[in-house]
Structure formats: C-alpha cells, structure tokens
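The values are calculated or read from the model by the stated rules, or taken from the named source; none is laboratory data. Worth saying up front: this structure is predicted, and the values here are computed from it rather than measured. Neighbour counts are summed over all protein chains in view; Cβ atoms, including those assigned to glycine, are modelled from backbone coordinates with ideal geometry. Protein only, heavy atoms only, side chains kept; ligands, DNA and RNA dropped before computing areas. Shrake-Rupley method; radii C 1.70, N 1.55, O 1.52, S 1.80 Å.
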Amino acid sequence: MSAITTDARPAEAETVGRRPARKPTSWLLTVFVLICVGYFLLPLFWLVVASTKSNADLFSSFGLWFANFNLFENIKTVLTFQDGVYVRWALNSVFYAVVTSVGAAFLATAAGYAFAKYKFPGGTALFAIILGAIMIPLAALTVPTYLLFARAQLTDTYWAVILPSLVTPFGVFLMRVYAADAVDTSLLEAGRVDGVGELRIFFTIGLRLMLPGSITVLLFALVASWNNYFLPLIMLNSPEKFPLPVGLAQWQSTATGGSGSQALFSTVITGSLLSIIPLVIAFLFVSRYWQSGLAAGGVKA
C-alpha cells in the first residue's frame, strides 16, 4: 500500500497547476461567437467607413476601407440639404420616440399590474386575447388602423403615429409576468389595511417595484418607435411631420431615380449614421437606470 501511495504522489504533483486541455466544442463555440459578432458589426463598420467618403469615392474605392476623409462635408450637406429638413425629421423622431416609449411603458406596467394582482370577470379571457395579439404582425394591422384613423380624421397628424404605438401586447405580457413575482401581495394588503387607496398603492409601491421591468418595456418601445417606418409612411402626407426612417427613404428613392441626383447617396448614408447616434446614447443613458432599478428591486424584495 505504501508503494502505491508513493508512486501516486508524483503523478498528483504533475497535475497540480496544469491547465486542462480545452475541448474542441469550446473552440467551435468561440469561432461561432466571433462569426456572429462580425456579422452584426460589419454593416455598422461599413456605414462608418462609407460616411467618410464623397459620392465619387463610394463607387471608385474599396467599400470596406477608407478613402479621402469627407465626413464633415457630408454632415454639413445632411444638415443643410432642403433647408435643413433633416433636423426637423430628427426632432420628429425624438418626439415620437419619447412620447410613445414612455406612454407604452406606463400603460403596459399598469395593465400588467392589474392582470397580476386583481381578479375581475373576464380577466383570463382578456389576457388570452392579448397573448393572441402578440402573434399578429404589426404590418397586418397597419391598413385597418389607417382606415380607422381616416374615419376619425386623424391621418396626417402626430396622433396617427403616437396612438397606435402606445399599445404593446408583448409589454403587457412581460409586465404581467414580472409583477407576479416582483410585487409582494402582503405589501399591498398592508397598504389597504392602513387605508391607502388603490391608485396610491400602485404609484408608491407597485410602480417602484416594477421599475426595472418598466424600463425594459421602455427600451423595446423606444427602439420600435425610432425605427418605425411603415406606419408613418401610410399615415403621414406632410414631409415636415416625417420621422427619420421615412425621410431618409424619401431621399434614397430620389437618389436612385436618376436625373443627376446620384450625389445624394453619400448624404443618405451619412444621415443614416447620424440617425443611430441618438438611439445609442438613449440606450446607454436609460441602461444606467435599468441597472440601478434592478439593484433597488432586489433590495426591496
């Protein structure tokens, strides 16, 4: 027995500090992740590179590398073309995104709280209808929505873009699931025992505990509203009310129409680059409150 123990010690000493060999599957996963990262970052890299080129360099130089640096001239052209209508489109996009994202997050939070913490007749059936609405593509509802707003004489107004965007079935579903665990029913009962009204309980207890989930819905609604194209396209006729996606698409159609307007390609590309900057900034800004809300919710729970 002592001989066996003596022979085993050197083998154990050799294995100490030795890094285990990586499995082939780990290398495959690493390569797969790198391919996915490249797939998502390559269009963004091309957009940055193309925005620094003049219109002539776009068609005469290699697409994935820089040529003569022309970014500031392109930005000046974007901001001054057609009397600076791009700035108006950007302000419209900010207005649509802020109003619809905040409104959609609040309505989804209130509805999810009600479905999770109240029992009322028809609640199960109504929630099932909301689940079914998640499966319906938004494009399929655009034409009926247009006919409804045309009957109400609300087309070509800001309300035609804002009101349909306030309804988020997925947000209601998400907040209903989140509220079921995040909001302790005993806290609500304690508030009712103290004589606090239901609205005050929601705003002082429920809304605060559901803040991380609300910000998640707000981020989803913000991205959807900022990238919304089809709904404003059919609802709006006045160019001064267009958001950035519709306005840039209008410039793109003009650039591909010929008659010497091909010089707009660099303007469209630079405008597209500028259009994603506010969304990135907004995401970074809101994510701070998202993370702090998660920590606060964990402490309160």
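In segment 231-258, the residues that are open to solvent by 50 Å² or more (accessible area, probe 1.4 Å) form Cβ pairs under 9 Å with partners that are of a type in the set (Ser, Thr, Tyr) and modelled with pLDDT of 90 or more, at six or more places apart or across chains, as follows: 237/155. Pairing residues of segment 146-172 that are over 18 Å from residue 238 (Cα atoms) and open to solvent by 60 Å² or more (accessible area, probe 1.4 Å) with residues that are of a type outside the set (Gly, Ala, Ser) and part of a helix (DSSP H, G or I), at Cβ distances under 6 Å and at least 6 apart in sequence or on separate chains, gives 170/134.
It is to be established whether one or more residues within segment 10-23 are modelled with pLDDT of 85 or more and part of a helix (DSSP H, G or I). Walk me through how you get there before you give the answer.
Let us first name the residues in segment 10-23 that are modelled with pLDDT of 85 or more, namely none.
Checking segment 10-23: not a single residue is modelled with pLDDT of 85 or more and part of a helix (DSSP H, G or I).
Would you mind finding the one in 215, 162, 234 that is more than 30 Å from residue 285 (Cβ to Cβ), assigned to a helix (DSSP H, G or I), β-branched (Val, Ile, Thr) and touching a Phe, Trp or Tyr at 6+ places or on another chain (Cβ under 7 Å)? Give the derivation first.
Numbers: 215 fails: more than 30 Å from residue 285 (Cβ to Cβ); 162 fails: more than 30 Å from residue 285 (Cβ to Cβ).
Among 215, 162, 234, only 234 is more than 30 Å from residue 285 (Cβ to Cβ), assigned to a helix (DSSP H, G or I), β-branched (Val, Ile, Thr) and touching a Phe, Trp or Tyr at 6+ places or on another chain (Cβ under 7 Å).
Quick one: in segment 85-132, of everything that is assigned to a helix (DSSP H, G or I) and basic (Lys, Arg), which residue is least open to solvent (accessible area, probe 1.4 Å)? Outline the logic, then answer.
Just the residues of segment 85-132 that are assigned to a helix (DSSP H, G or I), to begin with: 85-117, 123-132.
Now restrict to residues that are basic (Lys, Arg): 88, 117.
On the way: 88: 103, 117: 39 Å².
Here the answer is 117.
Residues that are crowded, with 21+ Cβ neighbours inside 10 Å and at pLDDT 90 or above are absent from segment 276-290 altogether. Screening residue 57 with (1) at pLDDT below 90; (2) open to solvent by 40 Å² or more (accessible area, probe 1.4 Å); (3) among the acidic types (Asp, Glu) gives one miss only, at (2).
With respect to residue 179, is the statement that it is assigned to a helix (DSSP H, G or I), buried (at least 19 other Cβ atoms within 10 Å of the Cβ) and not aromatic (Phe, Trp, Tyr) true?
It is true that residue 179 is assigned to a helix (DSSP H, G or I), buried (at least 19 other Cβ atoms within 10 Å of the Cβ) and not aromatic (Phe, Trp, Tyr).
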